[in-house]
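Worksheet: one structure, shown below.
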Amino acid sequence: MVSLTINGKVVRAEEGEYLLAVIRRMGIDVPALCDHAAVEPYGGCRLCMVEITKESWDGWKNYVTACLYPAEQDLIVNTHSEKVIELRTSLLDLFLARNPETPLIQKLAADHGLTKTSFEVVPEPNDCILCGICTRVCDEMGFAAISMVNRGHGREVAPPLNEAPPDCVGCLACAQACPTNYIKFEDIGTTRKIWGREFELLTCEKTGRPTITREFAAFLSKHRDIPEEYFKVNDEAHRDELASTMGRITRWSVQEETK
Amino acid sequence: MKHDLSRVPEIIERYPQQPSSLIMVLQDIQKEFSYLPCEALEQTAAKLGVPLSKVFSVSTFYNAFSLNKKGDTVVRVCIGTACHIRGARQIQEQLETALKIQAGETTKDGKFTLEVVGCVGACAMAPVVLTNDRYHPQCKVNTVKKLVAKR
Ligand code: SF4
Ligand code: SF4
Ligand code: FES
Ligand code: FES
């Protein structure tokens with residue numbers, strides 16, 4: 001355990017725990033757009049920037065991304081100093097130039113007093129904030145089907161060679177995790193479309209409703225030791241089964257007790 | 001020009017078959033073909049154990065790599081600061097009209113690719129144009145077209 005000061009309050013943290021986690025535990029609101037529970041910190045959006053110093057630093061201060069900076073003994077952190085707000089505001093000004101119509105960005109910018117960017121808006125703005133959550137989630141799941149491509153103005157998320165990604169299994173984790181709902185997919189009947197690919201959805205033997213893609217089921221049973229049978233019924237039917245089993249167990253234990 | 005992709009496996013095998021060899025392999029492929037053919041990227045991904053998406057990510061990140069076939073002569077106009085103030089943009093325009101392409105494109109006959117680049121380290125000779133690896137110092141708007149005259 002280490003003890004440090006955040007916005008004037010002394011707090012304790014696990015050694016090596018990232019500042020952002022400690023800050024959040026204290027209920028302090030710091031914008032952190034590229035942070036996601038499922039993946040390692042990335043330091044991409046820079047919005048979680050905080051000011052740090054120590055008694056021993058002789059007044060010297062530094063600005064670091066809280067999502068990537070480990071808690072240290074005697075650290076003095078300020079999450080909303082004048083300079084921090086200034087830095088965050090200029091970042092949001094840049095975000096507004098790239099994503100002028102994205103509600104998430106508009107809201108954060110407005111909180112910092114910005115309604116319009118002072119930069120030139122990109123020619124074809126979209127809702128991708130380049131947080132890299134989708135690509136990292138996909139990597140983490142073991143597919144690495146999509147990635148960040150190009151750089152500078154041309155940076156975007158794309159499947160390899162800009163063609164339907166061969167390694168995608170249509171699990172939708174990327175779309176689910178995307179903070180701006182930029183990743184589009186379509187489920188029509190038992191057909192799922194995402195990233196220009198088309199998948200067939202398995203159907204639940206009990207309810208007749210679609211479950212997950214054949215490819216995803218095959219992956220899970222092969223690499224995650226989940227029997228293929230499991231995917232022959234959908235979640236709803238699983239819950240139904242669980243409820244009635246639990247009901248039987250409860251009745252059974254009540255009988256046992258009253259014996 | 002048809003490229004002989006049968007040389008790709010040999011190029012990949014020059015380096016340890018591991019992810020960290022990626023950039024070296026891509027550099028050699030780029031050198032051999034003057035671009036990165038899709039099939040070569042796929043083979044590289046499979047051999048080095050790097051997901052294809054990551055190979056694509058690296059290939060599109062660095063300026064040294066190109067996914068499109070380049071012309072026999074790559075004409076690079078330096079638009080770095082020194083060249084810029086000595087008229088690089090006008091030089092670029094002259095070359096664009098001469099070749100009837102925009103910077104970043106290749107002529108239909110595959111003879112020329114026109115690119116703009118940052119400082120090429122020869123500011124004293126500004127404005128500079130390169131044809132492949134050859135430097136042309138103090139280019140002039142009225143004569144620069146000669147560099148791309150059909151021979
Ligand atoms: S749907 Fe495809 S791209 Fe998205 S996370 Fe799943 S495998 Fe990756
Ligand atoms: S598509 Fe969504 S998750 Fe992926 S980088 Fe863009 S905003 Fe982030
Ligand atoms: S959340 Fe820390 S940089 Fe994005
Ligand atoms: S700016 Fe062109 S050579 Fe330096």
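If only the Cβ of Lys and Arg carry +1 and only the Cβ of Asp and Glu carry -1, the dipole of the protein assembly as shown around its Cα centre is close to 1700 debye. Taken residue by residue and averaged, Cβ atoms of other chains lying within 10 Å of the Cβ of A:142-149 number 5. Of all the accessible heavy-atom surface of chain A, with the other protein chains kept in place and a 1.4 Å probe, what percent is carbon and sulfur? Of all accessible area on chain A, carbon and sulfur atoms account for 51 percent. Placing pseudo-labels 7 Å out from each Cα toward the beta carbon at A:E200 and A:N162 gives an inter-label distance of 3.2 nm. With all protein chains in place and ligands, DNA and RNA left out, the 1.4 Å accessible area ranks A:F143, B:F61 as B:F61, A:F143, largest first.
Rounded, prolate or oblate: which fits the protein assembly as shown when a ≥ b ≥ c are the square roots of the eigenvalues of the alpha-carbon gyration tensor, with rounded for a/c under 1.5 and prolate only if a/b beats b/c? Here the protein assembly as shown falls in the oblate category. Projecting the Cα atoms of B:V148, B:V75, B:S34 onto the dipole axis of chain B, where Lys and Arg carry +1 and Asp and Glu carry -1 at the beta carbon, places B:V148 farthest toward the positive end. Accessible surface for the protein assembly as shown, divided over its residues, is 57 Å² per residue with a 1.4 Å probe. Among the trypsin sites (Lys or Arg not before Pro) within the range B:22-64, not one is in coil by DSSP while having at most 11 neighbouring Cβ atoms inside 10 Å. The range B:38-82 and the range A:97-117 have Cα centres lying 35 Å from one another.
With a threshold of 23 Å on the Cα-Cα distance, the over-threshold entries among A:K184/A:K232; B:K69/B:K108; A:K9/A:K107; A:K184/B:K70; B:K108/B:K140; B:K31/B:K145 are A:K184/A:K232; A:K9/A:K107; A:K184/B:K70; B:K108/B:K140; B:K31/B:K145. Relative to the dominant Cα principal axis of chain A, helix A:214-223 is inclined by about 80°. Quick one: with all protein chains in place, what share of the accessible area of the range B:5-61 is carbon or sulfur, to the nearest percent (1.4 Å probe)? That fraction is 58 percent. Label positions at A:S3 and B:N63, each projected 7 Å from the Cα along the C-beta direction, are separated by 5.4 nm. Once you sort the root eigenvalues of the Cα gyration tensor of the range A:52-167 as a ≥ b ≥ c, which label holds: rounded (a/c under 1.5), prolate (a/b larger than b/c) or oblate (the other case)? It comes out oblate by the Cα gyration axes. Is any residue of the range A:201-227 close enough, with backbone N under 18 Å, to a label point placed 7 angstrom from the Cα of A:T190 along the Cα-Cβ axis, and if so, which? Residues A:201-219 fall inside that zone. Within the range A:223-254, name every residue whose backbone N is under 14 Å away from a label modeled 7 Å from Cα of A:T207 along the Cβ vector. Taking a point 7 Å out along Cα→Cβ of A:T207, the residues of the range A:223-254 whose backbone N falls under 14 Å are A:231-243.
Projecting the Cα atoms of B:P137, B:Q92, B:T113 onto the dipole axis of the range B:73-147, where Lys and Arg carry +1 and Asp and Glu carry -1 at the beta carbon, places B:P137 farthest toward the positive end. Under a model in which nothing but the beta-carbon of Lys, Arg (+1) and Asp, Glu (-1) is charged, the range B:40-151 shows a dipole of about 320 debye around its Cα centre.
The values are calculated or read from the model by the stated rules, or taken from the named source; none is laboratory data. Just so we're clear, the structure is a prediction, and the values are computed from it rather than from any experiment. In this analysis, Cβ positions are derived from the backbone assuming ideal geometry, glycine residues included, and neighbour counts consider all displayed protein chains. Accessible surface is based on the protein model in full, side chains and every heavy atom, while ligands, DNA and RNA are left aside. Shrake-Rupley method; radii C 1.70, N 1.55, O 1.52, S 1.80 Å.
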